[in-house]
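Scroll down for the structure; my scribbles are underneath it.
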Amino acid sequence: ETGVTQTPRHLVMGMTNKKSLKCEQHLGHNAMYWYKQSAKKPLELMFVYSLEERVENNSVPSRFSPECPNSSHLFLHLHTLQPEDSALYLCASSQDWTGAQPQHFGDGTRLSIL
Amino acid sequence: RKEVEQDPGPFNVPEGATVAFNCTYSNSASQSFFWYRQDCRKEPKLLMSVYSSGNEDGRFTAQLNRASQYISLLIRDSKLSDSATYLCVVNMLTGGGNKLTFGTGTQLKVEL
């Protein structure tokens, strides 16, 4: 049972499509994160939000656009993606973004770009 | 040198064995350390935080060695269900703020 839920679990889209990934946390945390995990690579931090404000953006291409309407919800809007963007996208939350507290992950969205 | 480095393995051990993994980190200003477990095609799950004094949780023991800049995870009496990838996670305070860095993971396979 996870306190962080992500939808959809799987997504197949063409390079010209627009889609959004959704994440919701039920843990009362103040920080939320998007990660990308490709095969044989470590998790790559994409975005960090603290109390709905973006505090970190790790040189992610503009075809990925995050949105954090409140501290419980996080979206990742996708448009004009490339085949190399196929990966597992993980959302996580933590009490705060200082890094002193561990992060709790959602099940992830497995994204395939045709 | 990688910021967080782990031996990818796989470590193949018989059930009941004791196995240990190390993880080295490059930034001496690192503040927090964690071990996560990730099963195939699943999300990472927190296994344990790593404290300066070392900590133990059942069959699992984590140690931190600041002088040599590594953390370790010891698993005693391995179970088949321990088969997974173990991720080392290091948080460091940099000029740009906090940076949480994941290792590539060490794969463990426990066999009959």
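The values are calculated or read from the model by the stated rules, or taken from the named source; none is laboratory data. Remember, predicted model here, so these are calculated numbers, not experimental data. Note that we place each Cβ from the backbone using ideal geometry, even for glycine, and neighbour counts take in every protein chain shown. Quick note on the areas: whole protein, heavy atoms, side chains included, nothing else; ligands and nucleic acids left out. Shrake-Rupley method; radii C 1.70, N 1.55, O 1.52, S 1.80 Å.
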Q. Which net charge results when you count Lys and Arg as +1 and Asp and Glu as -1 among the other residues whose beta-carbon is under 13 Å from that of B:SER32?
A. +1
Q: Find the cysteines in chain B that fail to meet the 4.7 Å Cβ criterion with every other cysteine, and list them.
A: B:CYS40
Q: List, largest first, the extents of the alpha carbons of the range B:1-58 along their principal axes, each in whole Å.
A: 37, 27, 23
Q: Quick one: pull the percentage of alpha-carbon pairs in chain A with a separation above 17 Å.
A: 50 percent
Q: Springs between alpha-carbon atoms under 10 Å, Gaussian network over chain A: tell me which of A:GLY28, A:GLY99, A:GLY14 tops the mean-square fluctuations.
A: A:GLY99
Q) Could you give the alpha-carbon Rg of the range A:1-61 over 2.2 N^0.38 Å, rounded to two decimals? A) 1.27
(Q) Semi-axes of the equivalent ellipsoid for the protein assembly as shown, please: Cα gyration tensor eigenvalues, times 5, square-rooted, ordered largest first, whole Å. (A) 30, 20, 16
Q: Counting only C-alpha contacts under 8 Å and six or more residues apart, can you give the relative contact order of chain A as a whole percent?
A: 38 percent
Q: With just the Cα atoms of the range B:37-112, tell me how far they stretch along each of the three principal axes, in Å, largest first.
A: 48, 30, 18
Q: For every other residue with a beta carbon closer than 14 angstrom to the beta carbon of A:SER59, add +1 if it is Lys or Arg and -1 if Asp or Glu, then tell me the sum.
A: +2
(Q) Just checking the output field for B:31-40: average partner chain Cβ neighbours within 10 Å of each residue's Cβ? (A) 2
Q: Please give, to one decimal in nm, the separation of the simple spin-label points placed at A:ASP96 and B:GLU3, each 7 Å out from Cα toward the Cβ.
A: 2.1 nm
**Q.** Residue with peak Gaussian network fluctuation, chain A [Cα springs, cutoff 10 Å], from A:SER62, A:SER20, A:SER50
**A.** A:SER62
**Q.** Accessible area expressed per residue, the protein assembly as shown, with surrounding protein chains retained (probe 1.4 Å, Å²)
**A.** 48 Å²
Q: Give the cysteines in chain A for which no other Cys Cβ lies under 4.7 Å away, or write none if there are none.
A: A:CYS68
(Q) Quick check: the distance between the Cα centres of the range B:1-50 and the range A:6-42, to the nearest angstrom? (A) 23 Å
